[in-house]
Amino acid sequence: MAADGVEGLLREAAPQVLGALVRRYGHFDTAEDAVQEALLAASVQWPREGVPDSPRSWLITVASRRLTDLLRAEQARRRREDAVAGWRLPGDRSAPPADRPPVAADDTLVLLFMCCHPSLSPAAQIALTLRAVGGLATAEIGRAFLVPEATMTRRISRAKQRIKDSGLPFAMPPAAERAQRLDAALHVLYLIFNEGYASTSGPRLERAELSAEAIRLARTVHRLMPGDGEVAGLLALMLLTDARRPARTGPGGELIPMAEQDRGLWDAALIAEGVALVSAALPRREVGPYQLQAAIAAVHDEAPSAPETDWPQIVALYEVLMRVVDNPVVRLNHVVAVTMARGAATGLDLLAGLAADERLAGDHRVYAVRAHLLEMAGDRAAARAAYEAAAERTTSLPRQRYLHGRAARLTSLIAKLRNS
């Protein structure tokens, strides 16, 4: 098998192997080290000698042996030679033979729930999920979030220690906690996707590797929980949004807004899959925020052109969404939808009320929306000032260039009108 194929196979197997070891042995931190060494051994051996018949069993066997070595070494370092000398693993915790049935599929889900323990901060949940469930190296995660590897190492180590100190067993959380944990897990995947699709800082508009990893993990959760409407809604939202990726940047990496994108470049297969997912999920039960956002994305993606977008339907969906979640960004998007459906004056009135929300204080998106609405209303000078204010408040270099470009275009237009 080619190296690329081996890498994909290892990335898919990594959380299942880690889940199996943590389930049998505990020792989350040490088990992860053992799995990483097994993955490294496989990445060297498999391209040369071939992939074994049961890759997961091979990895579990190698990782289990390495974990045994690490645990013994750790106890030796703690001067427990006597205990180590007499230590034997119970029979059901020994390295599984190759013919043992595959790891239970829900180990990945249990691992995701563990990484999204409510005692961890969102930043720690994201880092630990990418490390343990996504299989990304610490250096990769650090680069994705623009922090040094050492900083990310400390963040992940603290998260692991907190889980260890909590005494959390490797098992599905009790029914009373399951919904909360699932909400946290979906939120983490949502944040990972958003940071990949629209990076909040740095020189690139997007980090495709992050959004791709979020989609892969969302597919895994959906495969394990096919009847959950919000899981399906989140996956649909990711697919419908990611379908526009080929058209949202120009040759130089510059941002192209949706209204100006070449829709012929949108990924029709992803759109069809996303529409099918959300269409099947919506009638099932009480509608959640991810399903509603996916429905909005579907309306956008199914419109043949920007002028043919069904804005009244989008407004209606946002109004339902605002009854479900108290999110200022949702309200800001609702303002844009109302503007497109009813005109700039109505949108500016709504925006004036929203600007008082302290959660949006200093957010460049408020200024960017105001600039767009003022431009639609014909107030070019005020729009130019708002574009410049938005550019000053974003840390994304492509967005800065886009906003400065809009301001410069208005400056040129104003000068031409004065000279005419």
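Every number here is computed from the coordinates shown, using simple stated rules; none is lab data. Predicted, not measured: the structure shown is a model, and the values here were computed from it. Don't worry about glycine lacking a Cβ; one is built from the backbone with ideal geometry, like all the others, and counts go over all protein chains shown.
Observations
- FRET E, pair Glu319, Arg284, Förster distance 22 Å, beta-carbon r, rounded to 0.05: 0.55
- The separation of region 176-210 from region 263-322, counted between C-alpha centres, amounts to 20 Å.
- Rounded to 10°, Cα long-axis angle of helix 344-354 versus longest principal axis of the chain: 50 degrees
- Angle in degrees between helix 380-393 and the longest Cα principal axis of the chain, rounded to the nearest 10: 20 degrees
- Leading residue at positive end of dipole, the chain (Cβ point charges), from Gln291, Leu112, Thr68: Thr68
- Asp357 paired with Arg65, simple spin-label distance in nm, labels 7 Å along Cα-to-beta-carbon: 5.7 nm
- Per-bin percent of Cα-Cα distances, region 293-420 [5 Å]: 2, 11, 18, 19, 20, 18, 9, 3, 1, 0, 0
- Per residue, the convex hull spanned by the Cα atoms of the chain measures out at 172 cubic angstrom.
- Ordering Met152, Met340, Met114, Met322 by the number of other Cβ atoms within 10 Å of each residue's own Cβ, fewest first, gives Met322, Met340, Met152, Met114.
- Linear extension gain, Val147 paired with Glu308, 0.36 nm per residue minus alpha-carbon span: 53.7 nm
- Size descriptor, Kirkwood hydrodynamic radius, that averages inverse alpha-carbon separations across region 261-357, Å: 14.4 Å
- On Cα atoms only, tilt of 149-166 relative to the major axis of the chain in degrees: 60 degrees
- Stokes-Einstein D for region 188-322, Kirkwood Rh over Cα pairs, 25 °C, 0.890 mPa s (µm²/s): 161 µm²/s
- Proxy reagent accessibility, fewest Cβ within 10 Å first, across Glu177, Glu140: Glu177, Glu140
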